[in-house]
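Asks: The structure is given below, and queries will be raised subsequently.
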Amino acid sequence: MLVNRYMYLFSRFQRHINTNTTRITFGSCYLSSSGYVPLHKKPQAGAVGCSRNVSSKSSHPKPPDTSLFVPVSVKTDSSVDGSVGAELTQPLDKNELLKVLNRFYKRKEMQKLAADHGLDVRLFHQAFISFRKYVLEMTTLPADLHIILSDICCGAGHIDDIYPYFIHHAKQIFPMLDCMDDLRKISDLRVPANWYPEARAIQRKVIFHAGPTNSGKTYHAIQCYLAAKSGVYCGPLKLLAHEIFEKSNNAGVPCDLVTGEERTFVDLNGRASGHVACTIEMCSVSTSYEVAVIDEIQMIRDPSRGWAWTRALLGLCAEEIHVCGEPAAIDFVRELLYTTGEEVEVHTYQRLTPFSVLDNAVESLDNLRPGDCIVCFSKNDIYSISRNIEARGLQCAVIYGSLPPGTKLSQAKKFNDPDDPCKILVATDAIGMGLNLNIKRIIFNSLVKPNVNEKGEKQMETISTSQALQIAGRAGRFSSKFKEGEVTTMHQDDLPVLKEILSQSVDPIEMAGLHPTAEQIEMFAYHLPDATLSNLVDIFVSLSQVDGLYFVCNIDDFKFLADMIQHIPLNLRSRYVFCTAPINKKQPFVCTSFLKFARQFSRDEPLIFAWVCRHISWPLAPPKNIKDLVHLEAVHDVLDLYLWLSYRFMDMFPDTALVREIQQELDNIIQQGVRNITRLIRATDTAITDALQPQSSRQGQTGGSRRTASNAYLTSSRNQREQGGTGELMDSSLTSRLVRDGLLTPDLLRQLQREWSKDQKQEFTNQRLIKNFKYKNK
């Protein structure tokens, strides 16, 4: 009976031993490839039989961030053994078993051995908690484990004999421990140039067109593009891609347009033209071209989108690559292409028209002149300033990032039209690229803007020299009616700061962005099938190895979307594609729509036009206030999302043409709203004022002492700063901002007013009761 028991135990134990494991301890011995060896004769690190085989290629691999290792549930099947363990030995005493397990946990030797297998202190603790729960709560344990535990409880076994079963359990709940080497290889990003064998197979000629804004660098690159038999233009914005698309076709060079949301073929049969203008994320690295143009190469260091410029620069299959951008990128591009064996020819350009920094700030909106552009870094500032400009009898155009491209172009056309009375522009830094504007003077309303750093953290920062030059360079463009530009600030104390910023040299570019591909994530998922997509990406970034020329781009937006749809059943490739969708996560309606799109997709139900119309409540009325305008902008983004997905899942998003038609109608509605933006602001402020009025002015309250929303306040980096010469302030009350951002409605304001009045009455009553009580008890 005893012989049968141990023969059974040995045969069962062999199933648990990983053939790659070179050391497992048993009591006072450890198991090596040559058999059992006493612990006091354990070989030193580097000796034959040692478990640590350090590769000469990576002697110090990047330690993983184990906080990202999420334990998976263990599937147990005790039906195989039944109660064999108990029949061969005896039932286990749970109290005694708990003592044994706790003794095992406290043994330093076991912790050290576990560390050699990838379990740091944190993972060791988590694995032990799971193992202890498994042992104590299972009705029947596997026979071999039951026998080992029984022997230890009876004093016939050594406590270290638990280790093989513990480490087996640990690798079940942390499957990445068994494939760490494979995961490191998959996430090795040190030689990205080798990802593009087609580009490496040809000797490309690289020409860098370097110069400031308005120097003609892109013009010269585009001339080479138009003269070639085939070419691709890669730009950072849809507006720029549209501009090259139109310019190419107007020049008699057939050119297609490819953006995330649009495919336009000039051939009526849908055949691809020799030339294509695209947003940089959409460029093909498998199509051969004679000439490729990569615009705004300095964005290769962008924390979120830099990977697209890296991919284009290393992967485009073109005989000539024309790179356009700031001189600060020259040395870096040379260094990057040194790894591909390609030389860089540099053409430098000077600004075609000068601009100067004035010695005086504007200080008051009364001092505005035709051709002025006030640059803000807040949409609320745009609302406030535009209203105060029109209060002075002047008309202004408005441009900011969340407006549809058609609306931006419409506002730009209005500002540029010499016959239009609109002579002033209020805009965000969205004017820095993609729009040709007749600006004489750039006026910085503030020098501080919200920014997202490489860690994905939002912070307020003074604008960089590169950003300041990009915006200031819009003044006095070569093709405009102003032959010289001027730059200044709204506030006098900002002016010396601006001069200091513009006098500095642009920081040289030192790193390029990278991003994990769908194929890499799929390989990760093969090894970690139970991990969520967000967790997979986290582990990938944690294990990734990059050399000094690269960084891994911020993936917070990707993870945000991945977490949002994690509960929806999608295959990995579809899930990955959905999570790369370019959406504004600050817009609740857009996020809700994204979720509904994914849910409908998972049911294998096509998102037809009628469904989309019901979802967005089409048709939509013109906006009556700023909240309505913000909502219409969000709806436009939702239609953009539909179009973006339709080019990736054509069968599931079939009504592209119909959706594009209503999007154009919506663009016209938004244009109408923006043309009347001051009326919308007044309507919003009137609603606020009405909501803030007390329910009864008969209770001794007068409106004379109350500052209403109709008083104008300026929202800037300095709270409520006076506009010089007028003493007038622009609206920046918290209530106004909440309503403008769509976070508060007039109805909610009235409800809050009623509740506040009720609370005030109750508080007054309570105070009287307390006062009377104190008086009676004197």
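The values are calculated or read from the model by the stated rules, or taken from the named source; none is laboratory data. Everything numeric here is computed off the predicted structure, so don't read it as measured data. A quick note on method: Cβ atoms are made from the backbone with ideal geometry, for glycine too, and the neighbour counts reach across all protein chains shown. Ligands, DNA and RNA are stripped out before the accessible areas are found, and what is left, the full protein with its side chains, is counted by its heavy atoms. Shrake-Rupley method; radii C 1.70, N 1.55, O 1.52, S 1.80 Å.
Asks: Of all residues being open to solvent by less than 10 Å² (accessible area, probe 1.4 Å) and either in contact with a Ser or Thr (Cβ under 6 Å, 6 or more places away or on another chain) or not assigned by the TED database to the domain that holds I442 (or both) in segment 458-479, which is farthest from I439 (Cα to Cα)? Just the residue, please. Step through it out loud before you land on a result.
Replies: To start, the set of residues in segment 458-479 that are open to solvent by less than 10 Å² (accessible area, probe 1.4 Å) comprises 463, 468, 471-473, 475-476.
Applying the additional criterion that residues be either in contact with a Ser or Thr (Cβ under 6 Å, 6 or more places away or on another chain) or not assigned by the TED database to the domain that holds I442 (or both) yields 473, 476.
Details: G473: 10, G476: 6 Å.
Result: G473.
Asks: Another one. Looking only at segment 258-303, which residues are open to solvent by 40 Å² or more (accessible area, probe 1.4 Å) and more than 26 Å from A581 (Cα to Cα)?
Replies: Those that are open to solvent by 40 Å² or more (accessible area, probe 1.4 Å) and more than 26 Å from A581 (Cα to Cα): V266, D267, L268, N269, R271, S288, E290.
Asks: Do any residues in segment 319-337 that are under 14 Å from A292 (Cβ atoms) and free of Cβ contacts under 8 Å to residues at least 40 places away in the same chain have Cβ atoms under 7 Å from those of residues that are outside any helix (DSSP H, G or I) and open to solvent by 20 Å² or more (accessible area, probe 1.4 Å), where the two are at least six apart or on different chains, and which pairs are they?
Replies: none
Each row is one residue, and each column tells you yes or no for (1) open to solvent by less than 10 Å² (accessible area, probe 1.4 Å); (2) at pLDDT 95 or above; (3) closer than 21 Å to W307 by Cα; (4) not basic (K, R).
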site	(1), (2), (3), (4)
F208	yes, yes, yes, yes
T213	no, no, no, yes
G216	no, no, no, yes
H220	no, yes, no, yes
C224	no, yes, no, yes
A227	no, yes, no, yes
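Asks: I've got another one for you. In segment 569-577, is there at least one residue being closer than 21 Å to G513 by Cα and assigned to a loop (DSSP other than H, G, I, E, B)?
Replies: Our first condition is that a residue be closer than 21 Å to G513 by Cα; within segment 569-577, this holds for 576-577.
Applying the additional criterion that residues be assigned to a loop (DSSP other than H, G, I, E, B) yields none.
No: zero hits.
Asks: May I ask you to say which residue of R387, R301, R351, R311 is among the basic types (K, R) and in contact with a strand residue (DSSP E or B) (Cβ under 7 Å, 6 or more places away or on another chain)?
Replies: When all the criteria are applied, what remains is R301.
Asks: Take the residues in segment 416-439 that are in a helix (DSSP H, G or I) and either in contact with a His (Cβ under 6 Å, 6 or more places away or on another chain) or closer than 28 Å to T462 by Cα (or both); name whichever of them is most open to solvent (accessible area, probe 1.4 Å).
Replies: D429
Asks: Going by the conditions given, is Y225 part of a helix (DSSP H, G or I), within 30 Å of T532 (Cβ to Cβ) and among the aromatic types (F, W, Y)?
Replies: Judged against the criteria, Y225 is not a match.
Asks: Let me ask something else about it. Please state which one of F540, F482 is surrounded by 14 or more Cβ atoms within 10 Å (Cβ to Cβ), aromatic (F, W, Y), in a loop (DSSP other than H, G, I, E, B) and not assigned by the TED database to the domain that holds A598.
Replies: Values: F540 fails: in a loop (DSSP other than H, G, I, E, B).
On inspection, the qualifying residue turns out to be F482.
Asks: Being in contact with a Gly (Cβ under 9 Å, 6 or more places away or on another chain), of a type in the set (A, V, I, L, M) and at pLDDT 95 or above, is that true of even one residue in segment 554-563?
Replies: No, segment 554-563 has no match at all.
Asks: Checking R311 against (1) in contact (Cβ under 8 Å) with a residue 24 or more places away in the chain; (2) open to solvent by 30 Å² or more (accessible area, probe 1.4 Å); (3) over 22 Å from F578 (Cα atoms), which single condition isn't satisfied?
Replies: (3)
Asks: Just wondering, is there one or more residues in segment 363-386 that are surrounded by fewer than 18 Cβ atoms within 10 Å (Cβ to Cβ) and of a type in the set (S, T, Y)?
Replies: yes
Asks: Residues in segment 466-475: is at least one out of contact with any helix residue (DSSP H, G or I) (no Cβ under 9 Å at 6 or more places or on another chain) and touching a residue at least 24 places away in the same chain (Cβ under 8 Å)?
Replies: To start, the set of residues in segment 466-475 that are out of contact with any helix residue (DSSP H, G or I) (no Cβ under 9 Å at 6 or more places or on another chain) comprises 475.
Subsequent filtering for residues that are touching a residue at least 24 places away in the same chain (Cβ under 8 Å) retains 475.
Yes, segment 466-475 contains a residue that is out of contact with any helix residue (DSSP H, G or I) (no Cβ under 9 Å at 6 or more places or on another chain) and touching a residue at least 24 places away in the same chain (Cβ under 8 Å).
Asks: How many residues are touching a residue at least 24 places away in the same chain (Cβ under 8 Å) and open to solvent by less than 60 Å² (accessible area, probe 1.4 Å) if we restrict to segment 563-580?
Replies: So the answer is 11.
Asks: What number of residues in segment 97-154 are aliphatic (A, V, I, L, M), part of a loop (DSSP other than H, G, I, E, B) and more than 15 Å from L177 (Cα to Cα)?
Replies: Count: 2.
Asks: So, in segment 333-379, how many residues would count as being of a type in the set (A, V, I, L, M, F, W, C) and farther than 23 Å from Y219 by Cβ?
Replies: Count: 12.
Asks: I've got another one for you. Please indicate, with yes or no, whether at least one residue in segment 638-654 is closer than 13 Å to F597 by Cα, of a type in the set (D, E), under 25 Å from the mean Cα position of the chain (by Cα) and in a helix (DSSP H, G or I).
Replies: Within segment 638-654, one or more residues are closer than 13 Å to F597 by Cα, of a type in the set (D, E), under 25 Å from the mean Cα position of the chain (by Cα) and in a helix (DSSP H, G or I).
Asks: Pick from N250, N214: which is polar (S, T, N, Q) and over 31 Å from the mean Cα position of the chain (by Cα)?
Replies: N250 is the lone residue from the list that is polar (S, T, N, Q) and over 31 Å from the mean Cα position of the chain (by Cα).
Asks: Also, quick follow-up: What are the residues in segment 599-617 that are in a loop (DSSP other than H, G, I, E, B) and either touching a Pro at 6+ places or on another chain (Cβ under 7 Å) or open to solvent by less than 50 Å² (accessible area, probe 1.4 Å) (or both), if any? Full working, then the answer.
Replies: First, pick out the residues of segment 599-617 that are in a loop (DSSP other than H, G, I, E, B): 603-608, 617.
P606, L607, I608, listed by residue number.
Asks: Still on this structure: F578 versus (1) aromatic (F, W, Y); (2) under 15 Å from the mean Cα position of the chain (by Cα); (3) modelled with pLDDT under 95: which is the lone unmet condition?
Replies: (3)
Asks: Tell me, yes or no, whether segment 191-198 has at least one residue that is in the same structural domain as T310 (by the TED database), not in a strand (DSSP E or B) and not acidic (D, E).
Replies: no
Asks: Also, I was wondering about something else. Could you tell me whether E345 is open to solvent by 10 Å² or more (accessible area, probe 1.4 Å) and on the phi > 0 side of the Ramachandran plot?
Replies: The answer is no for E345.
Asks: Return the residues of segment 526-537 that are buried (at least 19 other Cβ atoms within 10 Å of the Cβ) and not in a loop (DSSP other than H, G, I, E, B); say none if nothing qualifies. Step through it out loud before you land on a result.
Replies: Filtering segment 526-537 down to residues buried (at least 19 other Cβ atoms within 10 Å of the Cβ) leaves 528, 531, 533-537.
L533, S534, N535, L536, V537 - these are the residues of segment 526-537 that are buried (at least 19 other Cβ atoms within 10 Å of the Cβ) and not in a loop (DSSP other than H, G, I, E, B).
Asks: Checking I583 against (1) modelled with pLDDT under 95; (2) farther than 25 Å from D178 by Cα; (3) surrounded by 18 or more Cβ atoms within 10 Å (Cβ to Cβ); (4) outside the structural domain of F649 (by the TED database), which test does it fail?
Replies: Condition (4) is where I583 drops out.
Asks: Continuing with this model, one more query. Would you mind finding the one in K413, K423, K379 that is charged (D, E, K, R) and closer than 20 Å to S446 by Cα?
Replies: The conditions single out K379.
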